[in-house]
Amino acid sequence: MCGIVGIFSQKPVALQLYDSLIHLQHRGQDAAGILTGDGRFYVKHGLGLVREVFSAKEISHLYGNIGIAHTRYPTAGSYRIEDTQPLWIGSPRGIALAHNGNLVNYRELADELTQQKNRHLNSTTDSEVLLHLLADGLEQDANSADEEAKFFETLCKAIQAIFNRAEGSFSVVSLIIGKGMVAFRDPHGIRPLAFGERTGEGGKKDYIFASETTMFYPLDFQRQADVQPGEVIFINQSGQLFRRVIEQKSFNPCVFEYVYFARPDSVLNNISVYHTRLEMGKKLAKRWLEAHPNILPDVVIPAPFTSNTAASAFASEIGVRYAEGLYKNAFIGRTFIMPDHESRSRNVRYKLTPQQAEIEGKNVLILDDSIVRGTTSREIVKMVREFGAKEIYFVSTCPPLKFPCFYGIDIPSRKELLAANLSIEEVRKYLGVDVLLYQEIEDLVHALIDGSQSVPPIKRPCLACLDGKYVCGAINEEKMQRLENDRQLERDKL
C-alpha cells in the first residue's frame, strides 16, 4: 500500500505535492519522493517520513507546474533508496511514474524484460516493470504521435497492452515530457484513485489525482469523480483533458481500504469512509446483541484511531458509554505497516497509554478494526488487564483474515495470519479475552455498498483476504503457495 498524487497546475506544484504527501503519510512511512517537470525532470527521493526526506531548499529546486509524488509502504521489493518512487526512464520522450498496488505476475514480466528484451531493472519493485511496459507501448508509435489526439490514441493503445499483460492491482499517475500528465487504473479498480479540479490562474483548470481525497480541501480542489476501473485520463500541456474507459471488468475495490487503511475523511469510489465505518459499528453491535444479549460492558473503547468511528456507533447502538480509554501518541507510526513483529510489538506500548479511570474495575469492550497477526491486539489486551479491567470483550469490524493479499496490502502469508491457523475460540484464548466477536462478511459488504453511488456500481468489493476469492491473476492453491514463498524469500534478503 502506498500513496500517490499528481498535480497539473498553472503555477509551481512542488510545495503542493509535499503538502499532499503529508496528507498521505498514513499510507506509507518508509520512503517518499517528488518529481516535477518543465521540459526536464527534477527529482528528490529519500528514506523515511515525508518531513524527514524534504527540506524547504530542496522543494524550492523542484521546478515546474506539473508533477507526481509517492509515499511508500513496501509490499513488493526492498527498503532500498533504489526502490523509492517516482521512477523515470529517459526514452521515449522521458516518462515518470508513481504506482500504488501490486502485480501478481511481476516475476514473469521482469524476467521477460531482462532476458528477452535486454532491459536493465535498477530496482526490485514491480513499479519499474509497469514503467517499462508503458515506455514500450509509447515507443512503438512514437514517431506518429505528434498531434494531441493521435498521442491520446497511442497512449490508450499502450495502456491497453498493460491491461493485457499485467495481472494485479495498479493505480498510476505518470508524467511524459513534452506531452502532459496521465492517470489510469486497473480494470477491476482494486486500488483507489480520486480526481479533482479547481480554477487556477487566468480562469484555467488545475487538476489533481490522488489515492485519497484528504488534501483536496486544503489545496482548494473540488472532488469531481474517481478514475474508473480501466479508465485512462490524459491532460496535455495546454490543459486539455482526454478520458476514455478502455477496458472494464467487475468493479472490486479493496474492502480493507474502508476497514483500516484510508483516513475517515476520505471519499473513495464515491463512498464516504466515515459513513462506511459507522455502518460497520452499527452492524457489529446488532450481532453483539443477538449473540450476547445478557452481556453488557460498562464502557466501549476503540483501539485508536482507525476504530474510533465504528466504536462510537457500536456504543450508541447498544446503549453504552463510549470512552477513549487508550490514548494514542500521534507521533508514533502505524504498527500495521511496520516491517517486523518486534517493531510492532514494541511500538504498541510506545504509542498507546491506557486511561486507568476508564478501565479499572470495569467490564471493558475493546473494538478494533481488524485482527491480522494478533500482535497489536494481544498487547492492547495485556495493557488493559494491567490497568485493572474486570472482564475484557474484544470485537473486530473486520471478519477473520485467513488469506494473504497480493494486491498491495501487507496481509502476509497464511502462516502469519492468526485466523488462518486458529479457530475463533483459540484466537480468543490467544488474545486473553473473555468474549471475542468478529464482523460477518455479508454485514461488512452491506456496510460498504448499501446506498453507495459508486460509478460503476459495486456488486462486491475485493474480499480475497477474507474468503480466498482473488479477483484477478488466476490465483489457485499452487500459485498462492508460490507467491507466498517468493514473498518470504524477498523478506529473508532484507
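Quick notes
- C-alpha long axis of helix 308-318 to longest principal axis of the chain, angle in °: 40 degrees
- Nearest-ten-degree value, helix 14-23 long axis tilted from longest Cα axis of the chain: 20 degrees
- Placing one equal scatterer on every Cα of the stretch 132-256 and applying the Debye formula, the log10 ratio I(q)/I(0) at q = 0.15, 0.22, 0.23 Å⁻¹ is -0.70, -1.32, -1.38.
- Dividing the summed helix terms, -39500 (n - 2.57) for each DSSP H run of n ≥ 4, by the number of residues in the chain produces a 222 nm estimate of -9500 deg cm²/dmol to the nearest 500.
- Around the Cα centre of the stretch 1-77, unit charges on the Cβ atoms of Lys, Arg, Asp and Glu (plus for the first two, minus for the last two) sum to a dipole of about 60 debye.
- Length-normalised contact order for the stretch 99-192 - Cα pairs under 8 Å, 6+ apart - percent: 33 percent
- With every protein chain in place, the stretch 371-464: carbon and sulfur % of accessible area (1.4 Å): 51 percent
- Each label was represented as a point 7 Å from its Cα along the Cα-to-Cβ direction; for residue 291 and residue 112 these points are 4.5 nm apart.
- Helix 126-140 axis versus longest C-alpha principal axis of the chain: approximately 30°, rounded to the nearest ten.
- √(5λ) per eigenvalue of the Cα gyration tensor, the chain, largest first, Å: 40, 23, 21
- Of the residues 102, 329, 127, the one whose Cα sits farthest towards the positive end of the charge dipole of the chain is 329 (charges of +1 on Lys and Arg Cβ, -1 on Asp and Glu Cβ, taken about the Cα centre).
- For peptides 177-189, 128-140, 442-454, sequence by mean Cβ density within 10 Å, most packed first: 177-189, 128-140, 442-454
- Site pair residue 222 and residue 328 shows an inter-label distance of 3.3 nm when each label is modelled 7 Å from Cα along Cα→Cβ.
- Among the listed pairs 11/328; 402/479; 150/249; 117/479; 282/328, those beyond 28 Å (Cα-Cα): 11/328
The values are calculated or read from the model by the stated rules, or taken from the named source; none is laboratory data. Keep in mind it's a predicted model, so treat the numbers as computed, not measured. As a convention, Cβ positions derive from the backbone with ideal geometry for all residues, glycine included, and neighbour counts pool all protein chains shown. All accessible areas refer to the heavy atoms of the entire protein, side chains included, with ligands and DNA or RNA removed. Shrake-Rupley method; radii C 1.70, N 1.55, O 1.52, S 1.80 Å.
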